[in-house]
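Scroll down for the structure; my scribbles are underneath it.
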Amino acid sequence: RLNRDEGDGAWCPKEATDSQYLQVDLGRLTFLTVVGTQGRYAHSSGNEFVRAYRLNFSRDGLQWRNWRNRQGNTVLEGNTNVFHQVLNDLHPPLITRYVRVLPVPGLSSTVCMRLELYGCPWEDGLVSYSAPEGQIMMPPGFPIASLNDSTYDGTRQKRRLSGGLGQLTDGVTGQDDFLSSRQYQVWPGYDYVGWRNDSLGTFKHVELEFTFDRPRNFTYMKVHSNNMFSRGVKIFSSVSCWFKPHLHSSFRAERVEFRTVLDDRNPSARYVTVPLGHAASVVRCSFSFADVWMMFSEISFHSGKVLKPHAVNASSSPAPENGRSAILIGCLVSIILLLLVVIVFILLCQRVLQSPGASFIKLAAHKMRPKLCLACTLLSPSALLLGNPLYDLLLLSSCQLTSGWLRGKSSQVCGGGYAEPDVTQCTPHQSFQSSAPHYAETDIVSLQGVTGSNMYAVPALTVDSLTRKDISAAEFPRHRLLFREKLGEGQFGEVHLCEAEGLADFLGEGPRADSRSVLVAVKQLRADATSQARNDFLKEIKIMSRLNDPNIIRLLCVCVTSDPLCMVTEYMENGDLNMFLSQREVESTLTHANNIPSVSLSELLHMSVQIASGMKYLASLNFVHRDLATRNCLLDRRLTIKISDFGMSRNLYSSDYYRIQGRAVLPIRWMAWESILLGKFTTASDVWAFGVTLWEMFTLCKEQPYSLLSDEQVIENTGEHFRNQGRQIFLYVPSLCPPSLFELMMRCWSRNIQDRPTFEGLHQALKPHADP
Ligand code: ADE
């Protein structure tokens, strides 16, 4: 796995030449959309990585082809260091079963790589189509439109394409205006394959033939067609399809005919659905022109399993009585077996759901072509989180994949046979790597959401065994805590304002025998809390007791030798930042004149610097917060900010969290795309949340982030961030926000982790704003 550092793991070819490759068998045809690579870090003993690589692929394991991007280049940029993973979106995506990764020979002779592949099962099962070559259109007064199938990966002979897949299956539908292309800085007409009616002989139709991986029961075919009638383009007027049951049989005479309703009013490109209702391995369709031009950008198929006819034993006909009881017994046995299968299945499902690796992302077992989820990559967030059966989780495959969501499901060919990395060629380790683990290593221990205790995600190494001796906070005599007021409550317990008698003396911070009371906040675990919540509470204590920074809430002492478990922290007189700001207006003569509680721009900036500083400290320890937001920042009477983490321990903010099918609770509006889609929480995803926190501050917490979007739409928008095709929605510029600050926020929401600023950088950038 990327961003894990188990073992020395990486694939290191003996030498980077074209004959050395890493081959992965995905086990089935897959719509592959992203390739992730990372170098060999190996607890800082590795320094090898691959700067560039090529991909070869094969659908049948026999015929191999090069992957090319839309501009025809075969080389993908790899890594520039051993730490960062690099995700490459494949444009066009690959439909394949086998993939080979070939490092491009470079300056360094020793290269190593870790690899992850992302995609969805290719449910269409289409392995190739053949079609007449697309043509060139020369519209008067407009640029030439080339309507060829430019990503076709089969052969071209006698103006016919055969044996491959291309633009008709790349998941990209064309625009209404065929001259403008979606995004790829390519030529006009790029998204369409188009034919002119007088170019195909006397027959005014275009014949396409589709070959599938196995016999399928087709329900329908969808053809995405242009309809810009003002330029002589229309959808087809009719289509006839023939069916071949097996690859080597002949076409059946019976055919399906379908007439479309032509539309001279609406020039929008559209999907035309053609009912098929036949079983076949090969489908041939003949599309008739309705105008001078016909242009398609996508064709997809929906099919089910072909049911085998029951074998009928005609020779033996048992006596009716015997036959009936035999049938009865048969039925009973089948029912019992079926029940057993269901019980085993339910038990298995429960186990999977309860295992930490099951994460909050549920597999939606199903169907439908991945291209509908637009590049579909990784997972379709909305689909998976919302249980939409249209999508399926990719078959993740990775040579580092030892555990993961689909443990045991992906088939690997990458076992055995690796060349050992040549460690003699490694350079000495950089100093910062030696003690603290790289942040990528601080992968969260469990993929649960925010539960109300267990706040900071911790490096995996630190949480496995927890004993009293791990807790460095002192045990305070419980009877010296005098409860004064309830500050908040949540699912797992309550927070109280207490007087702690003689605490200063107890902590060795005041004069000896100082019996004065100090105000403290006491977080107390509910007596009936589950053992999981109890463990999390203890973990949180352990983590907090290690933190020491002016902008992080300080754990003063604990009461853990008896129940209920308590942690005692400094009391912050001004409560949380969300409440504080939402009750204020921006400072002006009006607020002064009318005594309206206010906050100035410079105070806001000063607060931002403090949060950046606290986060810089956390990041320096490789602690990942996972829930940075104004609700988790506390203010004392001098407006010093201290970052805390309440999670769901206060019902007040429960609407900021999204519950996934009763399991995880996630602050989705603050979460980076990779946290929602991949369950990856890192310092870089904390940076994303910091951007949202800044946005909250400069809107004075008057509005929830993306308030116009439902939770489901927020998750859908996450998919758009991932796909990065310009359709993602960003938070707007708050009216109080200086442009340079908004630029900084936008950088926090960069799609690529490497493009996001660090907390160090954010702190540096914000400081001059705060003290001009
Ligand atoms: N609410 C929860 N914890 C608090 C704290 N430490 N100070 C003030 N209010 C709080």
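The values are calculated or read from the model by the stated rules, or taken from the named source; none is laboratory data. Only a predicted model underlies this, so the values are computations on that prediction, with no experimental measurement involved. Virtual Cβ from ideal backbone geometry, glycine too; neighbours counted across all protein chains shown. Surface areas here come from the heavy atoms of the whole protein model, side chains and all, with no ligands, DNA or RNA. Shrake-Rupley method; radii C 1.70, N 1.55, O 1.52, S 1.80 Å.
Details
- Selected residue (criterion: nearest to Pro139 (Cα to Cα)) from residues of the stretch 231-244 that are assigned to a strand (DSSP E or B) and open to solvent by 10 Å² or more (accessible area, probe 1.4 Å): Ser238
- Selection status of Ala612, of a type in the set (Gly, Ala, Ser) and either touching an Asp or Glu at 6+ places or on another chain (Cβ under 6 Å) or buried (at least 23 other Cβ atoms within 10 Å of the Cβ) (or both): yes
- For the stretch 576-590, the set of residues classified as open to solvent by 50 Å² or more (accessible area, probe 1.4 Å) and within 15 Å of the ligand (Cβ to nearest atom) consists of Met579, Gln583, listed by residue number.
- Residues in the stretch 543-554 that are crowded, with 17+ Cβ neighbours inside 10 Å and either near the ligand (Cβ under 10 Å from one of its atoms) or more than 35 Å from the chain's Cα centre (by Cα) (or both): 1 in all.
- Leu605 meets each of the listed conditions (1) within 33 Å of the chain's Cα centre (by Cα); (2) within 16 Å of the ligand (Cβ to nearest atom) apart from (2).
- One residue stands out among those in the stretch 32-43 that are over 10 Å from Val86 (Cβ atoms) and within 16 Å of the chain's Cα centre (by Cα): the one that is surrounded by the fewest Cβ atoms within 10 Å (Cβ to Cβ), which is Val34.
- From the options Leu482, Leu538, residue that is over 30 Å from His606 (Cβ atoms), in contact with a strand residue (DSSP E or B) (Cβ under 7 Å, 6 or more places away or on another chain) and not polar (S, T, N, Q): Leu482
- Among the residues of the stretch 45-62, the ones that are open to solvent by 10 Å² or more (accessible area, probe 1.4 Å) and in contact (Cβ under 8 Å) with a residue 12 or more places away in the chain come to 10 in all.
Okay, residues lined up against (1) polar (S, T, N, Q); (2) away from the ligand (no atom under 12 Å from the Cβ); (3) modelled with pLDDT under 90; (4) over 23 Å from Ile676 (Cβ atoms):
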{"site": "Ile611", "(1), (2), (3), (4)": "no, yes, no, no"}
{"site": "Gly614", "(1), (2), (3), (4)": "no, yes, no, yes"}
{"site": "Leu628", "(1), (2), (3), (4)": "no, yes, no, no"}
{"site": "Cys633", "(1), (2), (3), (4)": "no, no, no, no"}
{"site": "Arg650", "(1), (2), (3), (4)": "no, no, yes, no"}
{"site": "Tyr658", "(1), (2), (3), (4)": "no, yes, yes, no"}
{"site": "Gly662", "(1), (2), (3), (4)": "no, yes, yes, no"}
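- Subset tally (residues that are open to solvent by 30 Å² or more (accessible area, probe 1.4 Å) and in contact (Cβ under 8 Å) with a residue 24 or more places away in the chain) for the stretch 688-705: 2
- Note on the stretch 463-491: residues that are open to solvent by 30 Å² or more (accessible area, probe 1.4 Å), more than 13 Å from the ligand (Cβ to nearest atom) and at pLDDT below 85 total 9.
- Some residue of the stretch 608-620 being in a helix (DSSP H, G or I), in contact (Cβ under 8 Å) with a residue 60 or more places away in the chain and β-branched (Val, Ile, Thr): yes
- Filtered residue count, the stretch 512-542, keeping only those that are surrounded by fewer than 22 Cβ atoms within 10 Å (Cβ to Cβ) and either away from the ligand (no atom under 16 Å from the Cβ) or in a loop (DSSP other than H, G, I, E, B) (or both): 17
- In the stretch 130-172, the residue that is nearest to Arg59 (Cα to Cα) out of those that are under 32 Å from the mean Cα position of the chain (by Cα) and open to solvent by 30 Å² or more (accessible area, probe 1.4 Å) is Asp153.
- Which listed residue, of Asp153, Asp149, Asp177, Asp198, is outside any strand (DSSP E or B) and within 28 Å of Val306 (Cβ to Cβ): Asp153
- Residue under evaluation Phe258, criteria (1) assigned to a strand (DSSP E or B); (2) among the hydrophobic types (A, V, I, L, M, F, W, C); (3) under 23 Å from Tyr190 (Cβ atoms); (4) out of contact with any helix residue (DSSP H, G or I) (no Cβ under 6 Å at 6 or more places or on another chain), criterion not met: (3)
- Any pair with Cβ under 7 angstrom, 6 or more apart, that starts in the stretch 742-757 at a residue that is polar (S, T, N, Q) and ends at one that is surrounded by 18 or more Cβ atoms within 10 Å (Cβ to Cβ) and not in a helix (DSSP H, G or I): Ser750/Arg756; Gln754/His84
- Comparison of Thr74, Thr151, Thr80, Thr96 shows that the only residue that is closer than 21 Å to Met295 by Cβ and among the polar types (S, T, N, Q) is Thr151.
- Qualifying residue in the stretch 216-230 (condition: assigned to a loop (DSSP other than H, G, I, E, B) and open to solvent by 70 Å² or more (accessible area, probe 1.4 Å)): no
Listed here are the residues, each with its yes/no results for (1) assigned to a helix (DSSP H, G or I); (2) within 21 Å of Ser600 (Cα to Cα).
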position: Glu674; (1), (2): yes, no
position: Ala689; (1), (2): yes, no
position: Leu694; (1), (2): yes, yes
position: Met697; (1), (2): yes, yes
position: Ile715; (1), (2): yes, no
position: Leu731; (1), (2): no, no
position: Cys737; (1), (2): no, yes
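- A residue that is touching a Lys or Arg at 6+ places or on another chain (Cβ under 6 Å), surrounded by fewer than 19 Cβ atoms within 10 Å (Cβ to Cβ) and of a type outside the set (Ser, Thr, Tyr) can be found somewhere in the stretch 245-258.
- Options Ser685, Ser655; residue that is in a helix (DSSP H, G or I), buried (at least 21 other Cβ atoms within 10 Å of the Cβ) and either touching a helix residue (DSSP H, G or I) at 6+ places or on another chain (Cβ under 7 Å) or of a type in the set (S, T, N, Q) (or both): Ser685
- Those residues of the stretch 556-571 which are in a loop (DSSP other than H, G, I, E, B) and either within 18 Å of Asp505 (Cα to Cα) or open to solvent by less than 10 Å² (accessible area, probe 1.4 Å) (or both), in sequence order: Leu565, Tyr571
- Note on the stretch 574-601: residues that are assigned to a strand (DSSP E or B) and not aliphatic (A, V, I, L, M) total 3.
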